[in-house]
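The values are calculated or read from the model by the stated rules, or taken from the named source; none is laboratory data. None of these values were measured; they are calculated from a predicted model. All Cβ positions, even for glycine, are placed from backbone atoms using ideal geometry, and neighbour counts span all protein chains on display.
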Amino acid sequence: MSEPHGSPGTTRPVPVLEKDAPDATTPGTARRFWSARRVPAGIAAVLLLALVGLFLYDIAAVRAGRPGMRWRRALAGQLAERPLDDVWVLTGAAVAAALGLWLLLLALTPGLRSLLPMRRTHPDVRAVLDRPAAAAMLRDRAMDVSGVQSARVRVRRRKADVRAVSHFRELDDVRADLDAVLGEAVTSLGLARPPTLSVRVRRPGRKG
C-alpha cells in the first residue's frame, strides 16, 4: 500500500528500461517482458538429473553383474501387475499430466505480471512500469480531487480499481471529478494498454 499523500516517502513511478536488438520491433508496439523463471527451471533440472542419475547407476550396476535396485524392481513389478484403471495408476498419471501442463504453461507465457509495458517510441528501447508505482501515482492524483479524504488504488493488467472516501461534496460530483482526473492520469502513464477505470466513492464509515 502506498504512503499517505504528501509524505516524503511517497512512491513515484519509475520506468524500467531495457535495450533491444535494433530490429526487434517497430515503434508503437509493446510486448511483455519474459521472466527467466530460474527457480522452476532449476527445480525441474535438479529432479530430472537425480532421476536420470539413479537410472544410469542402476543400469551400470546391472551391466556389471549386480542386482538392480530393489525399488526399481518393485516399481516394475507393480506397473506390470496393476491394471490401467487402477486408482494409483490413474492418480500418478494425473499428477504427471498436471506437472507437465504446469511446465508448458510456464514455458509458453511471459510471466512478470507486475510489470506493465509502456508505449514504444523507439525500436531499441523497451520500458515498463510496475503496478505498485502506477497505483501510487493514481492515488496521488485521486487525493488532489476536492472532497476526497482517502483513496485506495489497485492496478491490474486490464483494470484499475479506485476506492475513495469523500467526507464532503456530493458523491456524484466527486466521482465525476475522479473519472476525469484519473482518466487523464492513466493516459499520462504512457502504457501500451491503458487499464480501464473502476471508481467507487462512499462516505466515511460505510462499506462499498
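Observations, loosely collected:
- Looking only at residues in the stretch 126-160 that are of a type in the set (Val, Ile, Thr) and in contact with a strand residue (DSSP E or B) (Cβ under 6 Å, 6 or more places away or on another chain), the one that is surrounded by the fewest Cβ atoms within 10 Å (Cβ to Cβ) is Val128.
Per-residue answers, yes or no, for (1) closer than 29 Å to Ala41 by Cα; (2) assigned by TED's automatic domain parsing to the domain that holds Leu47; (3) more than 21 Å from the chain's Cα centre (by Cα):
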residue: Val95; (1), (2), (3): yes, yes, yes
residue: His122; (1), (2), (3): no, no, yes
residue: Arg126; (1), (2), (3): yes, no, no
residue: Pro132; (1), (2), (3): yes, no, no
residue: Ala160; (1), (2), (3): no, no, no
residue: Arg169; (1), (2), (3): no, no, yes
residue: Leu178; (1), (2), (3): no, no, yes
residue: Ser188; (1), (2), (3): no, no, yes
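- Residue list for the stretch 92-127, restricted to those being over 21 Å from Val39 (Cβ atoms) and either without any contact (Cβ under 8 Å) to a residue 40 or more places away in the chain or not in a loop (DSSP other than H, G, I, E, B) (or both): Gly92, Ala93, Ala94, Ala97, Leu116, Pro117, Met118, Val125, Arg126, Ala127
- Residues within the stretch 56-90 that are surrounded by fewer than 11 Cβ atoms within 10 Å (Cβ to Cβ) and either among the β-branched types (Val, Ile, Thr) or in a loop (DSSP other than H, G, I, E, B) (or both), tallied: 8
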